[in-house]
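For reference, the structure is listed below as structure tokens.
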Amino acid sequence: VIVVGGGDSAMEEALVLARTSKTVTIVHRRDDFRASNILAQRVKEHPSIKIKWNSVVKEILGEKVGRDTQDEDESVDLDREQMYVTGAILGDVVTGEESLIQTSAVFIAIGHTPATSFLKGIVDFDEGHNGYVKILDRSTRTSVPGIFAAGDVSDAIYRQAITSAGSGAAAALDAERWLSEEGLGNEQAEFEAELLAELMADSTVTKDDTQYNAYVDVGGRGAGVKESTAAE
């Protein structure tokens, strides 16, 4: 298999894939890894991992699953065919030469770039992880009151769906607490008021030719509502 990249993500992928793959070839466009020294050293010393320096993937080659040689001349839509990887064409960024390498799979592991550019100049970012929003005191609060960060935009370590979901719930709680502290509204009270208003507006049914409150009939908190409605 081929792993494309030179950072920590690529090193981690290569080491994991080396457990089950015959060989792993790392394709990196530079002449040195950007990964941490520990991970890079483990990769360089691994007997099943090869490295292609100063190289990029120009093209990934493949064949149709179950392709019949008699159908090779037929026009096919490669975007709709079920294909399997057979190789890749690599380009040397120094000499410009191209080479063919046989492989069964290509993994792109060039790292993660959070989509946070719109916040530059607004909130503080993590100095140790480019593009990641800095959060304060193990919460989801940022350097700007009222702005909260959750998930992969602030988590440069785990980056998992389950951890992102958890931080999303934490951000919702932090945001609700901040709104309450700032006195900017009570969503629950507003929701109940809107629901009551809608029920009263939609209630066109009458009993004994007098208007009644449907909210009372369904067991809601309707004490005194009927009388005040009739008075209005």
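Values quoted throughout were computed directly from the atomic coordinates according to the rules given, and no laboratory measurement underlies them. In this text, all values refer to a predicted model and were calculated from it rather than measured experimentally. Here the Cβ is made from the backbone with ideal geometry for all residues, glycine too, and neighbour counts use every protein chain on show.
Cross-link list 50/134; 22/44; 52/120: which exceed 28 angstrom alpha carbon to alpha carbon?
Going by Cα-Cα distance, 50/134; 52/120 fall outside the 28 Å limit.
Stokes-Einstein diffusion coefficient for the stretch 74-184 at 4 °C in a medium of 1.567 mPa s, Rh from the Kirkwood formula over Cα pairs: what value in µm²/s?
It diffuses with D of about 72 µm²/s by this estimate.
Rounded to whole Å, give me the distance from the Cα center of the stretch 1-26 to that of the stretch 139-154.
The stretch 1-26 and the stretch 139-154 have Cα centres separated by 33 Å.
What is the diffusion coefficient of the stretch 121-199 in µm²/s, taking the Kirkwood radius over Cα pairs and the Stokes-Einstein relation at 20 °C with a viscosity of 1.002 mPa s?
Rounded, D is 152 µm²/s.
Provide the net charge surrounding residue 133, with neighbours chosen by a C-beta distance below 15 Å and charges set as Lys +1, Arg +1, Asp -1, Glu -1.
Residues close to residue 133 contribute a combined charge of -2.
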